[in-house]
Amino acid sequence: LPAGLSQWFPALEVLDVSGTGLAELGAELLALPHLHTLLAKNNRLGGPGSLPKGLGQAPLGRSLRVLNLSGNRFAEVPPALLGLRALQSLSLGGNRLHGIPPDIQELRSLEFLYLGGNFITSIPPELANLPSLSYLVLCDNKIQSIPPQLAQLHSLRSLSLHNNLLTYLPREILNLVHLEELSLRGNPLVVRFVRDLTYNPPSLQELAGRTIKTRNVPYAPSDLPENLVRYLSLASNCPNPKCGGVYFDSCVRQIKFVDFCGKYRLPLMHYLCSPECSSPCSSASQSSTSQSESDSEDEASVAARRMQKVLLG
Amino acid sequence: MEQPVQTEVWKPQNLEELVRILHRIFAEDKVSVEEVQELMESYESNPEEWLQYAKFDQYRYTRNLVDNGNGKFNLMILCWGEGHGSSIHDHTDSHCFMKILQGNLKETLFQWPEKKGNGEMTKKSERVLRDNQCAYINDSIGLHRVENISHTETAVSLHLYSPPFDSCNTFDQRTGHKHKVKMTFYSEFGERTVCVSMRERAP
């Protein structure tokens, strides 16, 4: 790009240099204070220095709202762009990304994130810290699991996950109340009940800790070594609302199928305090297994009705 | 050697003329599928002629009504953002023509699931349709899914359905279960329609 760009066109708002074979976007862009949309698709960007240094601090860094770098050769999200605090829309579709940096959470204004068609294998939970994210595209990657924290993306309206390597979803996905579109096709989602074989039985220390917590055995810091006092404070409540149990390090992963009115079954991963916790704990009630199954489906039924419309589309 | 008989098709010079010719064809009692397909294919896409109908939505593909064919057919333009795709759907006993105006669309054909099917649906074939190509499908041929598989380019397609229909079935690829949906237009004759209900979506 010509060095005099910002002097000749100081009022430039939209610049499209797609399909021009550019291998780098240079410093000549930095002084464009009104440029809000930069389209640089289908170029040869991706090497070091593809984006100008100091991007986040430059006038351009404060004005840029839309950045499209799809169809290039980026093997990682270029760190230079993580300083774009005003960026609302970012596309890195069709590149060579193998992962998403946790610092993606720096893009505080991001609403639209397109990462389809890469080689991404996992999603950092920090992605969930983007407060305004409404459209997230992760299709055509190699993702094996979705972190449950993603359910914290309260503004999410559309989530594209098709053509990945997902076998189940976290149950928290039902919490995405504004979700209108969810694509899951082309994933090896389990359709039959899978017994988790990797349950590591709790240690004696954990069993003792659980008993202290669930029986409310009183203790004071003077009664125990400091490390055990700290350990006891780390108890997590069993996510099963019908179970009053706690766990420390050892929990069961169990896949439950949530049935959307008989039309669509989603395998959702539940973390429970023990294998017995799939139904209300025997100490808590005398419900039979089938009763408890329908109880726990009741709990999901409100969310299920909402998700049904999303899923069947 | 005998020359194969060619159906002569008037090549429309623009979209308006295509619509006029379609009206004439559909005014007859009998309509030839081949004739319509060739006609649609022969129209050379010119964005200036259809840009007013091409309204994109950020989250999913849109259906934009162009002409309602005096009740005999619906002609509409579909706009597909990067990665946007449809569910697997049928065509409610109607003829469906789909022509690419811009970009590319992948069409995957599926067999109808068994009556009490509870298994993965069977793919019959797939292909990528290119600029100006026109595909045809009806329920006896099978079901299909249409997707813009590009992560960098949008796609625009011109669809003709005859007779017009406003509901169809979508199918879950993993189980073959079907679900009836009502179809709505994102815009009609170039005007954005007010969103009445976000409930049921077009396939």
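Any read-out appearing in this document is the output of simple, stated calculations on the displayed coordinates, not a laboratory observation. Note that the structure is a prediction, hence the values are computed from the model and not measured. Neighbour counts run over all protein chains shown; Cβ positions are idealised from the backbone, glycine included.
Approximating the spin labels as points 7 Å out from Cα along Cα→Cβ, the A:Lys53-to-A:Val217 distance works out to 6.1 nm. Over all pairs of different C-alpha atoms in region B:15-182, the reciprocal of the mean inverse distance, the Kirkwood hydrodynamic radius, equals 16.4 Å.
Protection proxy ranking, highest mean first, for peptides A:83-90, B:27-34, B:119-126: A:83-90, B:119-126, B:27-34, where packing is the per-residue count of other beta-carbon atoms within 10 Å, averaged. Computed from label points 7 Å out along Cα-Cβ, the spacing between A:Leu1 and B:Ser125 is 4.6 nm. Shielding of peptide B:143-152 by partners, expressed as the average count of other chain Cβ atoms within 10 Å per residue Cβ, is 5. Treating the Cα atoms of region A:92-223 as identical point scatterers in vacuum, please give the log10 of the normalised Debye intensity I(q)/I(0) at q = 0.09, 0.11, 0.19 Å⁻¹, two decimals. Values returned for q = 0.09, 0.11, 0.19 Å⁻¹ are -0.38, -0.52, -1.03. Of the residues B:Gln52, B:Ser94, B:Cys134, the one whose Cα sits farthest toward the positive end of the charge dipole of region B:2-156, with +1 on the Cβ of Lys and Arg and -1 on the Cβ of Asp and Glu, is B:Ser94. Count Lys and Arg as plus one, Asp and Glu as minus one, and take only other residues whose Cβ is under 13 Å from that of A:Ile104; the net charge is then -2. Put simply, region B:9-68 fits an ellipsoid with semi-axes of 24, 14, 11 Å; these come from the alpha carbon gyration tensor as the roots of five times its eigenvalues, largest first.
Look at A:Leu165, A:Leu107, A:Leu82 and count the other Cβ atoms within 10 Å of each Cβ; fewest to most, that gives A:Leu165, A:Leu82, A:Leu107.
The share of Cα pairs per 5 Å bin across region A:36-102, counted from zero up to the longest distance, runs 4, 18, 29, 29, 17, 3, 0 percent.
Listing A:Val217, B:Val181 from fewest to most neighbouring C-beta atoms within 10 Å gives A:Val217, B:Val181.
Among the listed pairs B:Lys11/B:Lys180; B:Lys99/B:Lys180; B:Lys55/B:Lys115; B:Lys99/B:Lys182; B:Lys30/B:Lys124; A:Lys41/B:Lys182, those whose Cα-Cα separation exceeds 27 Å are B:Lys11/B:Lys180; B:Lys55/B:Lys115; B:Lys30/B:Lys124; A:Lys41/B:Lys182. In this structure the amide hydrogen of A:Leu87, modeled in the peptide plane, comes within under 5 Å of the amide hydrogens of A:Ser109, none closer than 5 places in sequence on its chain.
Sequence-distant contacts, meaning Cα pairs under 8 Å at least 6 residues apart, place the relative contact order of region B:15-182 at 28 percent. Backbone phi angles across region A:154-162, fed through the Karplus curve with coefficients 6.51, -1.76 and 1.60 (θ = phi - 60°), yield HN-Hα couplings of 5, 8, 5, 10, 9, 10, 10, 10, 5 Hz in residue order; Gly and Pro are listed as x. FRET efficiency for the B:Glu28 to A:Ala86 pair, using the beta carbon distance and R₀ = 51 Å, is estimated at 0.30. Averaged over peptide B:78-88, the number of partner chain Cβ atoms lying within 10 Å of each residue's Cβ comes to 4.
Taken residue by residue and averaged, Cβ atoms of other chains lying within 10 Å of the Cβ of A:61-71 number 1. Of the peptides B:104-114, A:48-58, the order by per-residue mean of other Cβ atoms within 10 Å, starting with the highest, comes out as B:104-114, A:48-58.
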